[in-house]
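First up is the structure itself, then whatever we jot down about it.
The values are calculated or read from the model by the stated rules, or taken from the named source; none is laboratory data. Since we're looking at a predicted model, the values are computed, not measured. Heavy atoms of the whole protein, side chains included, go into the accessibility calculation; ligands, DNA and RNA do not. Shrake-Rupley method; radii C 1.70, N 1.55, O 1.52, S 1.80 Å.
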Amino acid sequence: GASYYDYEFLTNIYSQYAAVVDPEIAAQVGPVSPLQIFSEDASNVGVFVNLTYAATDKTTLSFEGRYQSDDINNFNNVTGDDFNNKTTSFQPRIAINHALSDEVSLYGQYATGNNPAGVNVNFTNPQAIDSINIANTGNAFGPAVITYDETSYLEFDEEKLTNYEVGMKGSFADPK
């Protein structure tokens, strides 16, 4: 099989609330416009396969795999900063099911998955950079409380999950 997911979003951030609700302030600051405008464009493309093999009348093996490519792009329309992060991954799944009887079976599986990597264009916002720098100097809260700068988290890695599962399934209700 194959999958394709493509999305775009646009976020306008206004921090001129006083100008919106107070006509006198609005007259002083002029037209209200967004201070930050972020857009994201992401494409996720994957191909996958499932192979099932009946090893015996009571035991079934299943092998699955997914190869995925994630392409995430953020753009700050105010500053012009643009960041892209592209990752590829393979997520396997292996399962076994063994019927002890018509009503009870044992199973086990191993699988991996991911949450795609991405970018944080907000770290290009001049107000965010100033806030981080002030906090790093210790002037705002006493000793420095932030251990990163504006370049630390422009991109973030994909999150990976590994799942192991074993169990027993059964039907104990009268099928009649």
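Below are the figures for this structure:
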read-out	value
Heavy atoms of residue 100: accessible area, 1.4 Å probe, square angstrom to 10	90
Lysine pairs with alpha-carbon atoms under 29 Å apart, the chain, spacing 8 or more or separate chains	4
Whole-percent carbon and sulfur share, accessible surface of the stretch 1-131, 1.4 Å	57
CD proxy at 222 nm, helix term only [per DSSP H run n ≥ 4: -39500 (n - 2.57); per residue of the chain; nearest 500]	-3500 deg cm²/dmol
Under the Karplus curve 6.51 cos²θ - 1.76 cosθ + 1.60, θ = phi - 60°, whole-Hz ³J(HN,Hα) for the stretch 60-69, x wherever Gly or Pro sits	10, 10, 10, 10, 10, x, 9, 9, 9, 10
In Hz, Karplus ³J(HN,Hα) per residue of the stretch 99-106 (6.51, -1.76, 1.60; θ = phi - 60°; x = Gly, Pro)	7, 6, 7, 5, 9, 10, 9, 9
Taking all pairs of distinct alpha-carbon atoms in the chain, Kirkwood radius in angstrom	21.3
